Structure formats: C-alpha cells, structure tokens
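Read through the structure below, which is laid out as structure tokens, and then see the notes.
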C-alpha cells in the first residue's frame, strides 16, 4: 500500500470531515392544513398521505 509522505494537517482533516455533516431533513407543506412533514411519509398531525386518509389521528 502507498504511504503518505507528509503528515496531514488538522485543518485539512477537519475540512474533509466538515463536508460530511448532517443536513436538516427536507420538509413538504401539506395542502389541506399547511403543516410541515417529511415528503413520502404520512403526515403525523392529520394522518393524510397523498390526499388520502390512511391513519386515524386523535385530536
């Protein structure tokens, strides 16, 4: 295997690791009540998915 000729600096390592930070999840806006939810998931506040009621939610 190849070996590095020089020590990698702390700044270079941190710059590389900083690119892998977690990103905030994207949110979609519900057309019926305007709440935010994860796309392609059931809306937990009203139980709707793609315009259909799929979960019974107690208010």
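Nothing in this text is a laboratory measurement; each read-out follows from the coordinates by a stated rule. Keep in mind that this is a model prediction, so the values were computed, not measured. Because the Cβ atoms are built from the backbone with ideal geometry, glycine has one as well, and the counts that use them run over all protein chains shown.
Quick one: if you stick a label point 7 Å off each Cα along the C-beta vector at residue 55 and residue 15, how many nm between them?
4.4
Fully extended, how many nm does the chain gain between residue 23 and residue 8 (0.36 nm per residue separation, minus their Cα-Cα distance)?
2.8 nm
From Cα pairs below 8 angstrom and at least 6 apart in sequence, can you work out the relative contact order of the chain, rounded to a whole percent?
Averaging sequence separation for qualifying contacts and normalising by length gives 15 percent for the chain.
From the helices alone, meaning DSSP H stretches of at least four residues, give me the mean residue ellipticity at 222 nm for the chain, per-run term -39500 (n - 2.57), in deg cm²/dmol to the nearest 500.
Calculated mean residue ellipticity at 222 nm is -4500 deg cm²/dmol.
Quick check of the Kirkwood formula: for the chain, what is the inverse mean of 1/r over all pairs of different Cα atoms, in Å?
Mean inverse Cα-Cα distance, inverted, gives 15.4 Å.
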